[in-house]
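Notes follow the structure.
The values are calculated or read from the model by the stated rules, or taken from the named source; none is laboratory data. Keep in mind that what you see is a predicted model, and the values were worked out from it rather than measured. Quick reminder, even Gly has a Cβ in these numbers, built from the backbone with ideal geometry, and neighbours come from all protein chains shown. Quick note on the areas: whole protein, heavy atoms, side chains included, nothing else; ligands and nucleic acids left out. Shrake-Rupley method; radii C 1.70, N 1.55, O 1.52, S 1.80 Å.
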Amino acid sequence: MKSILFITSNSLATNPRLVKEIDLARHRYKCTVVSFQLNSWSDKIDDEIALKYPEVSFLFVSGGKQQYVQWLISSMLEKITRKVYYCFENNLLISAIAHSKRTIILLKKLKHLKRHDMVIAHNLAALYPAYTFTTRHNIKLAFDVEDFHPGEVVAEDNYNEIKRRKFILTSILPHCSYLSFSSPLICKKIIDLVPGIEQCKKEIINNSFLSSEFLAPVNAKSDFKIKLVWFSQKISTGRGLELIIPALHKCKDKIELTLIGSLDLTFYQKYIKPNSEFIQAVKPLSQIKLHKLLSDYDVGLALELESADINRDICLTNKIFAYTQAGLFVLATSTQAQSKFVCDFPWVGQLVGQSPIELDQAIESIIKLKQEIRSSSNQRYINALNLSWEKESTKLLKIWDQHLH
């Protein structure tokens, strides 16, 4: 049996694309996974995922202070390499460590692993360690480009960090056997950025899920209020909630909003506590529990902001597919990627601009369309079967078969 090594610089719980690939690959290949545990809410979900797949070898590494010496050394190296980076701009190792201290931790972990037939890296901090491993063992490398990393806003040393990210990508991606992308626009950005990948196999793999994870919509909803839902790893600012909550407040007697994720206390004090009569926050849920719960709602909020960064403008998130597959009516802000998605599949819902006036109008429109939104939910659920992971995953299986047999 051929073997695949998956490497991520995140946890399993925060990387659903990786978990879907593991679930798919385990039936045909021997799988090993190197991922982080972050000493947070995600650790419990990580353990649940690992227990679900006893045939897969999971190797967890600490991303926090539990292993203090490792954390201290990696943190110091990250700071040092950032300070001396200007002298080593063309050094891949220095760039990778300055990008993320998890590079050091992964490099150390991979030294002790045996050869595999292919390595698939998820997240940018995993790319250089994966590259060194595949070079050492003369095996194939693949990278899942879920985000356009040079287009993300970075809080510290933004100018140099963007240069580092571009350098890592342009140096390593031409050596990949294949690249997978989470949206067509991210794919285009990478092709424009990285010379030398013309011959590399490239495939768009949408962020959809198994259709079996979703329940058919509850059409007989008798609630007077229309029920809206939004979820993410963290409930905080910068994801559009602060724009739509004032619009919802004006119609608070006719709507309910549920937010699912790890709650930022500052956001809670400013936005949720004053509006607790129509907003409730729910702690993070496992993927299966979350997807089953979505059938209780009417409208899913996909509130990406083009002003946040380039990546938010061109990405297609997990949530827009989850809402769609659950049969919800999707209210999606008009980023480039979401505009294209709603244009391609107009039955999923409605686009809205990112100004307060446009959001006000959209909420009023949704309230008026409540009965129509509910009566058409089952048809949306059926339509979404064509977007399911069952269909998307066949692309990956074909690629793996080509590269491993």
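Before moving on, here are some points about what is shown:
- For the stretch 1-13, filtered to residues that are open to solvent by less than 10 Å² (accessible area, probe 1.4 Å) and part of a strand (DSSP E or B), the residue that is farthest from residue 61 (Cα to Cα) is 4.
- Scan the stretch 35-50 for residues that are of a type in the set (A, V, I, L, M, F, W, C) and more than 17 Å from residue 282 (Cβ to Cβ) and the total you get is 4.
- Restricting the stretch 58-96 to residues that are surrounded by fewer than 18 Cβ atoms within 10 Å (Cβ to Cβ) and hydroxyl-bearing (Ser, Thr, Tyr) leaves a set whose member that is farthest from residue 26 (Cα to Cα) is 86.
- The one condition in (1) closer than 18 Å to residue 217 by Cβ; (2) open to solvent by 10 Å² or more (accessible area, probe 1.4 Å); (3) not hydroxyl-bearing (Ser, Thr, Tyr) that residue 316 fails to fulfil: (1)
- Breaking point among (1) under 26 Å from residue 189 (Cα atoms); (2) open to solvent by 10 Å² or more (accessible area, probe 1.4 Å), for residue 271: (1)
- Within the stretch 348-379, being surrounded by fewer than 17 Cβ atoms within 10 Å (Cβ to Cβ) and of a type in the set (D, E, K, R) holds for 358, 364, 368, 372.
- Within the stretch 43-57, tally of residues that are of a type in the set (Asp, Glu) and open to solvent by 50 Å² or more (accessible area, probe 1.4 Å): 3
- Filtered residues of the stretch 122-171 (kept if closer than 17 Å to residue 101 by Cβ, open to solvent by less than 30 Å² (accessible area, probe 1.4 Å) and among the small types (Gly, Ala, Ser)): 125, 126, 130
- Candidates 396, 387, 404 - the one that is open to solvent by less than 30 Å² (accessible area, probe 1.4 Å), over 24 Å from residue 234 (Cα atoms) and modelled with pLDDT under 95: 404
- Taking every residue in the stretch 237-252 that is open to solvent by less than 10 Å² (accessible area, probe 1.4 Å) and pairing it with any residue that is assigned to a helix (DSSP H, G or I) and not basic (Lys, Arg), at least 6 positions away or on another chain, the pairs with Cβ-Cβ distances below 6 Å are 244/359; 245/271; 247/359; 247/360; 247/363.
- In the stretch 253-262, residue farthest from residue 293 (Cα to Cα) [restricted to those that are out of contact with any helix residue (DSSP H, G or I) (no Cβ under 6 Å at 6 or more places or on another chain) and open to solvent by 60 Å² or more (accessible area, probe 1.4 Å)]: 253
- Filtered residues of the stretch 25-48 (kept if touching a Phe, Trp or Tyr at 6+ places or on another chain (Cβ under 8 Å) and in contact (Cβ under 8 Å) with a residue 60 or more places away in the chain): 25, 28, 29, 32, 34, 36
- Looking across the stretch 24-48, just one residue is part of a helix (DSSP H, G or I), in contact with a helix residue (DSSP H, G or I) (Cβ under 9 Å, 6 or more places away or on another chain) and at pLDDT below 95, and that is 45.
- In this structure, residue 354 does satisfy being at pLDDT below 95, within 22 Å of residue 320 (Cβ to Cβ) and touching a helix residue (DSSP H, G or I) at 6+ places or on another chain (Cβ under 8 Å).
- Per this entry, residue 21 is not counted among residues that are in a helix (DSSP H, G or I) and out of contact with any strand residue (DSSP E or B) (no Cβ under 9 Å at 6 or more places or on another chain).
- Subset of the stretch 274-313 that is out of contact with any helix residue (DSSP H, G or I) (no Cβ under 8 Å at 6 or more places or on another chain) and hydroxyl-bearing (Ser, Thr, Tyr) - its residue that is surrounded by the most Cβ atoms within 10 Å (Cβ to Cβ): 297
- Candidates 321, 345 - the one that is open to solvent by 10 Å² or more (accessible area, probe 1.4 Å), at pLDDT 95 or above and aromatic (Phe, Trp, Tyr): 345
- Residue match in the stretch 190-204 (condition: outside any strand (DSSP E or B), open to solvent by less than 30 Å² (accessible area, probe 1.4 Å), of a type outside the set (Val, Ile, Thr) and closer than 23 Å to residue 126 by Cα): yes
- Qualifying residue in the stretch 101-114 (condition: touching a strand residue (DSSP E or B) at 6+ places or on another chain (Cβ under 6 Å), of a type in the set (A, V, I, L, M, F, W, C) and surrounded by 18 or more Cβ atoms within 10 Å (Cβ to Cβ)): yes
- Members of the stretch 14-42 that are farther than 27 Å from residue 391 by Cα and open to solvent by 30 Å² or more (accessible area, probe 1.4 Å): 37, 38, 39, 40, 41
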